[in-house]
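Asker: Quick one: the structure is below, questions incoming.
The values are calculated or read from the model by the stated rules, or taken from the named source; none is laboratory data. Note that the coordinates shown come from a computational prediction; the quantities given were computed from them, not determined experimentally. Cβ placement follows ideal geometry from the backbone for every residue including glycine, while neighbour counts extend to all protein chains displayed.
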Amino acid sequence: MKFQEDAKIVEKRIFNNYLYLSIETKNIANNALPGQFVNLRVNSGFDPFLRRPFSISDVEGDIIKLFVLIKGRGTNLLAEKREGDIVNIIGPLGNSFPIFEKESIFVAGGIGVAPFLFLARYVKSITLLFGIRDKSFLPDIKMFSDFKVILSSDDGSIGEKGTVLDLLVKEDFTRKVIYACGPNPLFRALNKIFLRCKNVEAYYSLENYMACGFGACKGCAIETINGNKLVCKDGPIFKWNEVLL
């Protein structure tokens, strides 16, 4: 069940290149599951015309939390909002992460870390492998203090020098559930690793351009082993060997 409503921003802060928003929206918060997203109108007018999709980063009571990389016109407009402002929001949208009674590894590339705080409420024994470009793209790491975090950066300015894939191959991941979120090149690289293994249990949260967010416009189609599917409606969560990237 999805809802559209005018919701109030109750908390806003900016840290490095990231925007943190807490939005009061009882219906969405009470129905959301980890891995789902919302589609938000960043301006009261029609410029920009399209809504912006954001992963639900966490839920507390009647509050949903969004964790946003400020990088374009839409996110910069959103960053200008103030506490008390009203935004029109649709959600919760998409499917959710499957939950297992096993140890978990979160694999995050950049802003792909966004959905994992919410997911952490449902799983146990978590290790977060988090790869960023350089230390200027490090979010407030205190958010992840409840579980083990291993960092990497492309330039070595923080954590281990290299990519999040370099971190993963050091882990005994075949006995654990892997949840990954990031850009498609990350998933293609993960597939090469997983194809050399047996019994990998891994799930991807895909990023894509979404105009409507619920399957009407067909603009986010991807190819899978079962034909074309829509990231917004059939995803954004897919099993690793289901999607053809």
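Asker: Take the residues in segment 162-189 that are in a helix (DSSP H, G or I) and of a type in the set (Phe, Trp, Tyr); name whichever of them is surrounded by the fewest Cβ atoms within 10 Å (Cβ to Cβ).
Answerer: Only one residue fits best here, namely Phe173.
Asker: Among (1) crowded, with 19+ Cβ neighbours inside 10 Å; (2) touching a Lys or Arg at 6+ places or on another chain (Cβ under 7 Å); (3) modelled with pLDDT of 95 or more, there is one condition Ile89 misses while meeting the rest; what is its number?
Answerer: If we test Ile89 against (1) crowded, with 19+ Cβ neighbours inside 10 Å; (2) touching a Lys or Arg at 6+ places or on another chain (Cβ under 7 Å); (3) modelled with pLDDT of 95 or more, just (2) comes out false.
Asker: Further, regarding this structure: Kindly indicate the residue of segment 108-128 that is without any contact (Cβ under 8 Å) to a residue 24 or more places away in the chain and among the hydrophobic types (A, V, I, L, M, F, W, C) and also surrounded by the most Cβ atoms within 10 Å (Cβ to Cβ) among those meeting that condition.
Answerer: Residue satisfying both the conditions and the ranking: Leu128.
Asker: If you don't mind, there's one more thing I want to ask. So, restricting to strands (runs of 3 or more DSSP E) that lie completely within segment 1-47, which ones have at least 3 residues that are under 16 Å from Leu77 (Cβ atoms) and among the aliphatic types (A, V, I, L, M)?
Answerer: Where strands (runs of 3 or more DSSP E) fall fully within segment 1-47 and carry at least 3 residues being under 16 Å from Leu77 (Cβ atoms) and among the aliphatic types (A, V, I, L, M), they are 18-24.
Asker: When you scan segment 190-197, do you find a residue that is surrounded by 14 or more Cβ atoms within 10 Å (Cβ to Cβ), modelled with pLDDT of 95 or more and either small (Gly, Ala, Ser) or outside any helix (DSSP H, G or I) (or both), even just one?
Answerer: no
Asker: Phe238 versus (1) modelled with pLDDT of 95 or more; (2) loosely packed, with under 14 Cβ neighbours inside 10 Å: which is the lone unmet condition?
Answerer: Condition (2) is where Phe238 drops out.
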